[in-house]
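The values are calculated or read from the model by the stated rules, or taken from the named source; none is laboratory data. On a predicted model such as this, the values are computed, not experimentally measured, just so you know. Cβ atoms come from the backbone with ideal geometry, glycine included; neighbour counts cover every protein chain shown. All accessible areas refer to the heavy atoms of the entire protein, side chains included, with ligands and DNA or RNA removed. Shrake-Rupley method; radii C 1.70, N 1.55, O 1.52, S 1.80 Å.
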Amino acid sequence: MRILGLMSGTSCDGLDCIDINLDVSKSYNLNFEINNFFTVPYSKADRSYLLSIRGKESCLVEDSDKVTRIFIDSINSFLNHSKSDYHMIACHGHTVKHIDKVVSIQLISPDILYHEYRVPIVYNFRELDICEGGNGAPLMPFLDYLLFRDSNIDIITLNIGGISNISYIPSSGFRNKVLGFDTGPGMSLVDKASEVFFDSDVDLNGIYSKQGKIDSILLEELMSIGYIVKDPPKSTDIDEFGYELINSIKLRYGELSGHDIVRTFVQFTINSIELNINKFINSKNFKLIYSGGGTNHPIILEWLKKSSYDSKSISDYGIDSSIKESMLIASLGVAKLRNIPSNMPSVTGAKNNIVLGDIYGDSDI
């Protein structure tokens, strides 16, 4: 099937769009061919709006409609690069709230999308896992399992976006032994601190962090945050590692420069990843496969290359690092149409294997 997969991440930098031929069998064999991929950047106004509605206590229909219209503008821009007759659009929507085992809200109006493109829309991939007692997150271990379940060595995948998450795929390939969880911040604190101290969206090429020094006292405090050492299953959200924490640090560490704080945040991302791998993954012989925008940060990339881990980029496996999240959504969409269970109970804590997602429109494929 030819799928248009859509993902809007926590950094709100743009809409990831993937044009992919993809199928998943009942025995979890994955076949795919990537036709095209492009991240359509959000305008400053759209990005500001998307960030502003995170954490809203009540999201109106108007918010879902406006998010969808922003997505449509981005999709139409992508279609200028990649025109096709799609069998389905798989859309994650825009996350405005996530609380483990309680609620996960992704805004999208599937009816508007359907009437714009006249193909089935598959969406709402987290709710049913929560209904089964799970966290509803992370979702990435499903794709990681499809990709690496036939490896002859244990695999740990690391994705660094706004939040960092890992998946563990044992060499046995047993689905019920797969682990996955958010380790803590990815680039969320670094990006927001760059905004607070330097009026910039990101620490591009380490322009701010490279000028700073790690503050050991601040780093020790950050590493003592309860989430970092919490046992899985667990997932978190950028609100836990956002402006409130930065403003508190700014008040209490007034002697530190913005450069020092940003540099310490980068190290916090690295150290929290290492701690979670060492503490919760019972494997001494594994390959680390990394992806996500955060792995382009020069300090993080240098750590990955110089660490004791046997590490490779996902691009070494024929998948561009920035493609993976939208490819995940496409995979979940196909699993829904094929009626294949796609949650990972060993990851989320759900009681049962279930088929994730809802379908809007004719799905007789």
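Can you compute the charge dipole magnitude of the chain about its Cα centre, using +1 on each Lys and Arg Cβ and -1 on each Asp and Glu Cβ, nothing else charged? Give it in debye, rounded to the nearest 20.
Values: 34 positive and 46 negative charges, 166 e Å.
Computed charge dipole of the chain: roughly 800 debye.
Between amide H atoms placed 1.01 Å from N, distances below 5 Å from T236 occur with D182, all of them 5 or more places distant or on a separate chain. Projecting the Cα atoms of S77, L60, P41 onto the charge dipole of region 1-119 (Cβ charges, centred on the Cα centre) puts L60 farthest toward the positive pole. Near N343, the amide H atoms lying under 5 Å from its own belong to I354, L356; only residues 5 or more places off or on other chains count, and H is placed 1.01 Å from N. Take each peptide in 230-236, 14-20, 327-333, 311-317, count the other Cβ atoms within 10 Å of every residue, and average; sorted highest first, the result is 327-333, 14-20, 230-236, 311-317. The residue among L179, G161, Y208 whose Cα reaches farthest toward the positive pole of the charge dipole of region 148-259, with charges on the beta-carbon of Lys, Arg, Asp and Glu, is L179.
Ligands, DNA and RNA left out, the 1.4 Å accessible surface of the chain is 47% carbon and sulfur atoms. Working note: Cα gyration tensor of region 49-173, eigenvalues times five, square-rooted, sorted largest first, giving semi-axes of 29, 21, 14 Å. What you get for region 46-134, charging only the Cβ of Lys and Arg (+1) and of Asp and Glu (-1), is a dipole of about 220 debye around the Cα centre.
Region 27-60 and region 324-365 have Cα centres lying 17 Å from one another.
Non-local lysine pairs in region 148-231, meaning eight or more places apart or on different chains, with alpha-carbon distances under 28 Å, amount to 5. In sequence order, region 128-144 has phi-based couplings of 5, 5, 5, 4, 8, x, x, 7, x, 6, x, 8, 4, x, 5, 5, 4 Hz under the Karplus curve 6.51 cos²θ - 1.76 cosθ + 1.60, θ = phi - 60°, and Gly or Pro positions carry x.
On alpha-carbon atoms, Rg over Rh for region 128-188 using Kirkwood Rh? It would help to have the intermediate numbers written out before the result.
Values: Rg = 12.2 Å, Rh = 12.1 Å.
When Rh is taken as the Kirkwood radius, the ratio is 1.01.
Taking amide H as placed 1.01 Å from N in the peptide plane, L15 has its amide H under 5 Å from the amide H of V40, Y42, each at least 5 places away in sequence or on another chain. For region 15-112, rounded, prolate or oblate, judged on the Cα gyration tensor with a ≥ b ≥ c (square roots of eigenvalues), a/c < 1.5 rounded, else prolate if a/b > b/c? Taking the square roots of the gyration eigenvalues as a ≥ b ≥ c, region 15-112 is oblate. Using alpha carbons only, how many angstrom separate the centre of region 111-157 from the centre of region 205-270? Cα centroid of region 111-157 versus Cα centroid of region 205-270: 29 Å apart.
Rolling a 1.4 angstrom probe over the protein heavy atoms with all chains in place gives region 1-57 an accessible area of 43 Å² per residue.
Note on region 147-238: with charges restricted to the Cβ of Lys and Arg (+1) and Asp and Glu (-1), its dipole about the Cα centre is near 460 debye. Rolling a 1.4 Å probe over the protein heavy atoms gives region 262-365 an accessible area of 40 Å² per residue. Look at the Cα gyration tensor of region 162-217: its axes a ≥ b ≥ c give a/c of at least 1.5 with a/b over b/c, and that counts as prolate. Once Rh is set to the Kirkwood radius over Cα pairs, what Stokes-Einstein translational diffusion coefficient, in µm²/s, holds for region 253-363 at a temperature of 4 °C and a viscosity of 1.567 mPa s? Estimated via Stokes-Einstein, D reaches 75 µm²/s. For region 112-224, the alpha-carbon radius of gyration amounts to 1.44 times the rule-of-thumb value 2.2 N^0.38 Å expected for a compact globular protein.
In this structure region 154-206 gives 30 Å² per residue of accessible area when probed at 1.4 Å with all protein chains present.
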